[in-house]
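Just so you know, all these numbers are worked out from the coordinates, no wet-lab data involved. These figures come from a predicted structure and were not determined experimentally. We place every Cβ from the backbone using ideal geometry, glycine too, and count neighbours over all the protein chains shown.
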Amino acid sequence: MPRTSAYTLAPGRLAQLAAPARADLHVHTTASDGEYTPSQVVAQARLARLHAVAVTDHDTLAGVDEARAAAAGHLEVVPGVEISAGFGGGEVHLLGYFVRTDHDGLNAALAAACAARRERFRDFVALLRARGLSIPADRAELIERATASPGRRHVAALLVACGHAHTRASAVHRFVNPLVGTVKPKALVPAEEAIRLVRAAGGVASLAHPSPDTTDEQFGALRSLGLGAVEAVYPWGRNGRGRRLREVAGRFGFAVSGGSDCHGPEPAHRRIGSHAVTADELGALRERARESAARATH
């Protein structure tokens, strides 16, 4: 019997229909420091039988439109962003979901953050050259042209491409991390401003991969700023952290977000679809975003 006959395909299709709806809400593309293009992210999400995927690049919305076009109605693409924010004297990452990609205020803040990222990338390259590492100008410029939001992963990839390290991990360990305290500090959007902009753009803000040291006082402070969710589903390594964050979400009235934080095909435990939220959890986030959109129009 031919492999493509209705009889051989039916069991797989039935299994797919019976599978619970899942959404990976934390994925990076080549618009920031991911290895998949937005179109490839959509293809991988469909292979993983996801019903929705969020494009959440660092400090940019540049990958959303391509992903939506590639999905062509076969998969929901949630417009998102991961904002590097300042809070309590440190850095947190805020995921904005269901944001309007044409919101002037949000886009202006993200453009400023990406401009600072480019300056920091160039600072890394200059310092590495000063330490005797040969980095051709055209290779560095190629990275800047290829991504809207360069970061440390790009510096590491550049070092590998130039033959100074065998792997990105070794490049980070040997060359990149030792310079973190020397290069220009990362530009952080104040958490209050980041959350305000996400909500003004009709979205809901979630705290990405919360530190295990995050206190109830800090969760409360972020809630008072308008935080609407916490990322409880993530490649933590230990299930206990996810359980604790679900308990935190219940106590503070947060919705739950989650995803793989995929940056590429490796590591396998962070591939697209490896971690995901349920349809109900996605629906709760969507409802929070609708509330923000309603407030923004009044």
Next item on the list: Only bridges with both residues in the chain count here: give the DSSP antiparallel percent, nearest 5.
Entry: 45 percent
Notebook entry, point to check: In whole Å, what is the distance between the alpha-carbon centres of the range 267-298 and the range 136-189?
Noted result: 31 Å
Notebook entry, point to check: What are the DSSP H helices in the chain that stretch 15 Å or more along their long axis, judged by alpha-carbon atoms, and whose average Kyte-Doolittle hydropathy comes to at least -0.5?
Noted result: 6-18, 104-130
Note to self: I'd like the FRET efficiency for R244 and D65, computed as 1/(1 + (r/R0)^6) with the beta carbon distance as r and R0 of 35 Å, rounded to 0.05.
What the structure shows: 0.45
Next item on the list: Among T182, T101, T37, determine the one that fluctuates most according to a GNM of the chain built with springs between C-alpha atoms less than 10 Å apart.
Entry: T182
Checklist line | Structure-derived Cα extents along the principal axes in Å: which label, when the choices are (1) 50, 45, 43; (2) 62, 58, 38; (3) 76, 43, 30 | finding: (2)
Check: In the Gaussian network model of the chain, springs joining C-alpha atoms below 10 Å, which of A109, A130, A67 carries the largest mean-square fluctuation?
Finding: A130
Checklist line | Beta bridges per DSSP with both ends in the range 14-141, % antiparallel, nearest 5 | finding: 50 percent
Check: Taking the chain as a Gaussian network, Cα atoms linked when under 10 Å apart, which of A268, A54, A31 shows the biggest mean-square fluctuation?
Finding: A268
Check: Under the rule of -39500 (n - 2.57) per DSSP H run of 4 or more residues, summed and divided by the residues of the chain, what mean residue ellipticity at 222 nm is obtained, to the nearest 500 deg cm²/dmol?
Finding: -14000 deg cm²/dmol
Check: Using the 10 angstrom Cβ neighbour count as an exposure proxy, how do L128, L142 rank, fewest first?
Finding: L142, L128
Checklist line | Contour minus Cα-Cα distance for A296 and A137 (0.36 nm per residue) | finding: 52.8 nm
Notebook entry, point to check: What is the fewest-to-most order of H166, H173, H58 by other Cβ atoms lying within 10 Å of their Cβ?
Noted result: H166, H173, H58
